[in-house]
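**Student:** Okay, here's the structure, questions in a sec.
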Amino acid sequence: MRRHLISAADLSRDDATLILDTADELARVSDRSIKKLPTLRGRTVVNLFFEDSTRTRISFEAAAKRLSADVINFSAKGSSVSKGESLKDTALTLQAMGADAVVIRHSASGAPHRLANWVDGSVVNAGDGTHEHPTQALLDAFTMRRRLGTLEDRRVTIVGDVLHSRVARSNVLLLNTLGAQVTLVAPPTLLPVTVESWPCEVSYDLDAALPKSDVVMMLRVQSERMNAAYFPSAREYSRRYGLDRDRLARMPEDAIVMHPGPMNRGMEIAAEVADCARSTIVEQVANGVTIRMAVLYLLLGGETQ
Ligand code: CP
């Protein structure tokens, strides 16, 4: 493993498998009544969040605490960032406080990469702009592996707003590394121009892709990142690219439905599909803690006890 986790592309197949296997071991701790391990006692993990988050921020905090690390939570709101302090000066301040790992979420693609040049500790990308979200891809792969047994030759269909999705990019990279076959389904306006160079297939026809899928991962329509009209209306988007009960019925019986959250219920996914037995959405959140424990454990070099 490298010192930082900034992109899913940083992970070789062996690295990714080590993280998933370590998470399997650590999942047993989560099943105990006392969930804590002394592994990272005396280490400090800083959660540096410049963008809103529920799942990622809380699960990194829970993961670090379950490994007995000291946790400092920083959010841009209410900090000296609002007085104009730069990312570099913020990073140097955290460095002075002895951060062993900095978990960063930032609206600018590339911010974690910059940060890695300024701090001595490990940097973990918790989502940078529209670029990457590698721990989301790891928890998704972990969830798929637990449900399906293996990722080798599994057919994963990722649907929706690929253009603004750091989750999609990280998933395509990691799933390809792990031997899965990925198809992206989206309207042409919601695909990045570089998608032809990604290691996946592209389709505009969700109904054709569904019967061939072991996994259907729905993406949130990221209206907050849209400064133009990318589709005629929410209703039209939902009609062509939303996963409803009728479309669920076209998937193979043992295929699963995923969504990284937060969801737009009724738009990219119907509420009854999000809450059905084949949905892994709640499981993904629980697995997020386990995967982040594994990442912190491996980056900070703890030993299991
Ligand atoms: N999936 C995800 O990154 O969710 P949050 O924005 O709530 O962290």
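**Student:** Between Glu85 and Asp275, what is the FRET efficiency for a Förster distance of 35 Å, r being their Cβ-Cβ separation, to the nearest 0.05?
**Tutor:** 0.25
**Student:** Residue by residue, what Karplus-based ³J(HN,Hα) values in Hz, rounded to whole numbers, does the range 11-22 have, using 6.51, -1.76 and 1.60 with θ = phi - 60° and x for Gly and Pro?
**Tutor:** These are the phi-based 3J(HN,Hα) values: 9, 6, 4, 5, 4, 5, 5, 4, 5, 5, 5, 5 Hz.
**Student:** Answer with one residue from Ala16, Ser165, Val102: the one whose Cα lies farthest towards the positive end of the charge dipole of the chain, charges on Cβ with Lys, Arg +1 and Asp, Glu -1.
**Tutor:** Ranked along the dipole, the leading option is Val102.
**Student:** Could you give the length gained on full extension between Asp254 and Lys77, defined as 0.36 nm per residue of separation minus the Cα-Cα distance, in nm?
**Tutor:** Using 0.36 nm per residue and subtracting the Cα-Cα distance, I get 59.4 nm.
**Student:** What is the magnitude of the charge dipole of the chain about its Cα centre, with +1 placed on the Cβ of each Lys and Arg, -1 on the Cβ of each Asp and Glu, and no other charges, expressed in debye to the nearest 20?
**Tutor:** Approximately 640 debye in magnitude.
**Student:** What's the extension gain from Asp246 to Ala96 if we count 0.36 nm per residue and subtract their Cα-Cα distance?
**Tutor:** Length gained between Asp246 and Ala96: 48.4 nm.
**Student:** Antiparallel versus total DSSP beta bridges in the chain: what percent is that, nearest 5?
**Tutor:** Percentage antiparallel, nearest 5: 5.
**Student:** Could you calculate the contour length gain from Glu25 to Arg225, that is, 0.36 nm times the residue separation minus the distance between their Cα atoms, to one decimal place in nm?
**Tutor:** Stretched out fully, the Glu25 to Arg225 stretch lengthens by 68.2 nm.
**Student:** Of the lysine pairs in the chain, how many meet both conditions: Cα atoms under 26 Å apart, and a spacing of 8 or more in sequence or different chains?
**Tutor:** For the chain, the number of qualifying lysine pairs is 4.
**Student:** Could you work out how far helix 166-177 tilts from the main Cα principal axis of the chain, as a 0 to 90 degree angle to the nearest 10?
**Tutor:** 90 degrees
Readers should treat all values here as calculations from the given coordinates under stated rules, not as data from a laboratory. Keep in mind the model is a prediction, meaning the values are calculated, not measured. Counting neighbours? That spans all protein chains shown, and the Cβs are built from the backbone with ideal geometry, glycine included.
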